[in-house]
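Written out below as C-alpha cells is the structure these notes cover.
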Amino acid sequence: MTELALLKPLDEDMSPEANSAAMNKSSERFSFNVDSMKQAIEQGREIGLNFQSNNKKYKMPTTKSRIVWPVAMGIDENGNLVIRGYHVEGQSEKVARETKVRSAEASDVWRLFKAANIKSMWFTDNFFNQPLPGYKERDSALVSVMASYSPAKARSYQDSLKNQVEPEV
C-alpha cells in the first residue's frame, strides 16, 4: 500500500534523498499510456519520466529523466497529445543547451510534454494536493482537455488511501 507519509508539501525543496528515492522507482517504469497518466493527474501522483524531445527546434541526443507533477492532458492545436506538468527535478535539454553541461538539471518550472516523446514513466509513490504556483486551470496550449488536476479531488483520493492504511479508533 502507498505510504502517505511520503507526501511532500509544495513549499519544501526536494532533498537529494527524496529525489534519489523517486528516481529509484524508475526500475518500475512502463510505457506511456493515457489511462496511467489520467490516473496520475486526477490522483495528484508524482511521476517520473524518461523523455526525449523530437521537435522542430531540436532532437535531444538522449533521453532525460525528470520528476514531474502532471496537471493536465489533452490535445494541442497541432493535434498532438500533450501533458502539462510541473518539472519538480531532473534533467533538462534546454538548460543543457544554455549551460553547455550535458546533464544539466532544472527544477520548479512548467513544461508541456508531447506524449509521443515520453519514452517511459513510473509512479514515484509521492503525491501532491496543493494549489500549484502559476497553475492555470484553463491551459491555452490545450484545445481539448482529457484530464485536469483538482487539488480537492486529489486530496479526497489521498485521504481515502490514508483511511485504508490507518484503522479507525
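The values are calculated or read from the model by the stated rules, or taken from the named source; none is laboratory data. Remember, predicted model here, so these are calculated numbers, not experimental data. Neighbour counts run over all protein chains shown; Cβ positions are idealised from the backbone, glycine included. What goes into the accessible areas is simple: the full protein's heavy atoms, side chains included, and nothing from ligands, DNA or RNA. Shrake-Rupley method; radii C 1.70, N 1.55, O 1.52, S 1.80 Å.
Summary table below
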{"item": "Condition met for ARG97 (of a type in the set (D, E, K, R), part of a loop (DSSP other than H, G, I, E, B), at pLDDT below 90 and closer than 19 Å to PHE51 by Cα)", "result": "no"}
{"item": "Qualifying positions in region 79-109 - surrounded by fewer than 17 Cβ atoms within 10 Å (Cβ to Cβ) and touching a Phe, Trp or Tyr at 6+ places or on another chain (Cβ under 8 Å)", "result": "ARG97, ASP108, VAL109"}
{"item": "Top-ranked residue of region 45-75 - restricted to ones that are open to solvent by 20 Å² or more (accessible area, probe 1.4 Å) and under 28 Å from PRO131 (Cα atoms), ranked as modelled with the lowest pLDDT", "result": "SER65"}
{"item": "Residue match in region 130-150 (condition: surrounded by 11 or more Cβ atoms within 10 Å (Cβ to Cβ), within 12 Å of the chain's Cα centre (by Cα) and under 21 Å from SER53 (Cβ atoms))", "result": "no"}
{"item": "Among (1) on the phi < 0 side of the Ramachandran plot; (2) in contact (Cβ under 8 Å) with a residue 24 or more places away in the chain; (3) not β-branched (Val, Ile, Thr) - the single one GLY44 does not satisfy", "result": "(1)"}
{"item": "Scope region 110-129; condition surrounded by fewer than 16 Cβ atoms within 10 Å (Cβ to Cβ) and assigned to a loop (DSSP other than H, G, I, E, B); matching residues", "result": "none"}
{"item": "Selected residue (criterion: farthest from MET37 (Cα to Cα)) from residues of region 59-94 that are within 18 Å of the chain's Cα centre (by Cα) and of a type in the set (Val, Ile, Thr)", "result": "THR63"}
